[in-house]
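Novice: Below is a structure I'd like to ask you about.
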Amino acid sequence: MSEAVKDLVEVAQRLGGYGYFPATSGNLSIRESGETLHMRVSVSGIDKTRLTEGDLLLVDEHLQSTEQAARKPSAEAIVHVKLYQKSDAMCILHVHTLSNNLITLRYDARGSIPLSGNELLKALGHWEEDARVNVPLVENYSDLTKLATAVAAAYDPAVPGVLVKQHGIYVLGRSVAEALRHLEAFEFLFSLTLQRAALTPLATAE
């Protein structure tokens, strides 16, 4: 296995420690180098907090694999395929957290999540003083092919993540470390935005 795969396993354990994989939810992948699309993606139904290298199944863009035929890739692996086809990402992390679910409720009608005015926007690649990003927000389609198409269509290269309403976030990176950095920044900014909104009435009353 490559160092990137080992890094992904370590990241899964780290995110598990954060509580980002409740009830075996979430999935992650690493793209293999080469002209044709192959990726190692977490298998279906496993506890990601105990992910091992053997739990990352090598599949092609059609989700076909010759490895461990009895095991199946994550049901949402098709979303990873569509995002790799749309981007230069080498790693994708998908997690379900309270903050990334609650914030989709608050901004449901808007169709995106506005983030601004915080230092951690630099972790997303935005160093300008008036940095502002809008994280795309898409419907949580039960048809996973439809969901994958919607997520890929919403993806903006300037914003390395796409949120699915009352579901979770897909975060992209050109390495495992970059994807982790993006995810941690998003989660901090989502939590900050929600808590800032909760404090606004108090500030107005004062």
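The values are calculated or read from the model by the stated rules, or taken from the named source; none is laboratory data. Values in this document were obtained by computation on a predicted structure and should not be read as measured data. Here the Cβ is made from the backbone with ideal geometry for all residues, glycine too, and neighbour counts use every protein chain on show. Heavy atoms of the whole protein, side chains included, go into the accessibility calculation; ligands, DNA and RNA do not. Shrake-Rupley method; radii C 1.70, N 1.55, O 1.52, S 1.80 Å.
Novice: So how exposed is residue 88, as accessible area in Å² (1.4 Å probe, rounded to 10)?
Specialist: About 100 Å², ignoring ligands and nucleic acids.
Novice: For the chain, what's the relative contact order in percent, using C-alpha pairs closer than 8 Å and at least 6 residues apart?
Specialist: Reported as a whole number, the value is 21 percent.
Novice: Go through segment 109-126 residue by residue and turn each phi into a ³J(HN,Hα) via Karplus (6.51, -1.76, 1.60, θ = phi - 60°); whole Hz please, and just put x for glycine and proline.
Specialist: Those phi angles translate into 5, 6, x, 7, 10, x, 10, 7, x, 9, 4, 6, 5, 4, 5, 9, x, 10 Hz.
Novice: Just list whichever of 86/122; 48/82; 86/146 have alpha carbons separated by over 19 Å in the model shown.
Specialist: 86/122; 48/82
Novice: If you don't mind, another one. Along the Cα→Cβ direction, 7 angstrom out, place labels at residue 23 and residue 6. What is the inter-label distance in nm?
Specialist: Reported label-point gap for residue 23 and residue 6 is 3.6 nm.
Novice: Along the Cα-to-C-beta direction of residue 153, a point sits 7 Å from the Cα; which residues of segment 57-89 have their amide N less than 20 Å from that point?
Specialist: Within reach of a label on residue 153, which here means backbone N under 20 Å from a point 7 Å along Cα→Cβ, segment 57-89 contributes 76-87.
Novice: Averaging over every viewing direction, what projected area does the convex hull of the Cα atoms of segment 1-156 cover, in nm²?
Specialist: Numbers: hull surface 40.9 nm².
For segment 1-156, the mean projected area of the Cα convex hull comes to 10.2 nm².
Novice: Here's a follow-up. In the chain, which helices (entire DSSP H runs) extend 24 Å or more along their own long axis, judged by Cα positions, while averaging at least 0.0 on the Kyte-Doolittle scale?
Specialist: 176-205
Novice: Can you show me the helix-derived [θ] at 222 nm for the chain, built from DSSP H runs with n ≥ 4 at -39,500 (n - 2.57) apiece and divided by the number of residues, rounded to the nearest 500. Write down the numbers at each step before the final one.
Specialist: Numbers: 5 runs with 76 residues, N = 206.
When only DSSP H runs of four or more count, the value is -12000 deg cm²/dmol.
Novice: Expected output is a single nm value to one decimal: the length gained when fully extending between residue 36 and residue 105, i.e. 0.36 nm times separation in residues minus the C-alpha distance. What is it?
Specialist: 21.0 nm
Novice: If I build a Gaussian network model for the chain, linking alpha-carbon pairs within less than 10 angstrom, which residue out of 174, 196, 50 has the largest mean-square fluctuation?
Specialist: Maximum fluctuation in the GNM of the chain, among the listed residues, is at 196.
Novice: Once the other residues with Cβ under 10 Å from the Cβ of residue 90 are scored (Lys, Arg +1; Asp, Glu -1), what is the net sum?
Specialist: Once positives and negatives cancel, what remains is -1.
Novice: Further question: If you average 1/r over all unlike Cα pairs in segment 114-183 and invert the result, what Kirkwood radius do you get in angstrom?
Specialist: When all Cα pairs of segment 114-183 are included, the Kirkwood radius is 12.9 Å.
Novice: Further question: Residue 59: net charge of surrounding residues, Cβ under 14 Å, Lys/Arg +1, Asp/Glu -1, itself excluded?
Specialist: Overall, the nearby charge balance is -1.
Novice: Quick one: accessible surface of residue 141, probe radius 1.4 Å, all protein chains present, in square angstrom to the nearest 10.
Specialist: Counting only protein heavy atoms, the figure is 70 Å².
Novice: Tell me the carbon and sulfur percent of the accessible area for segment 1-51, rounded to whole percent, probe radius 1.4 Å.
Specialist: The computed percentage sits at 43.
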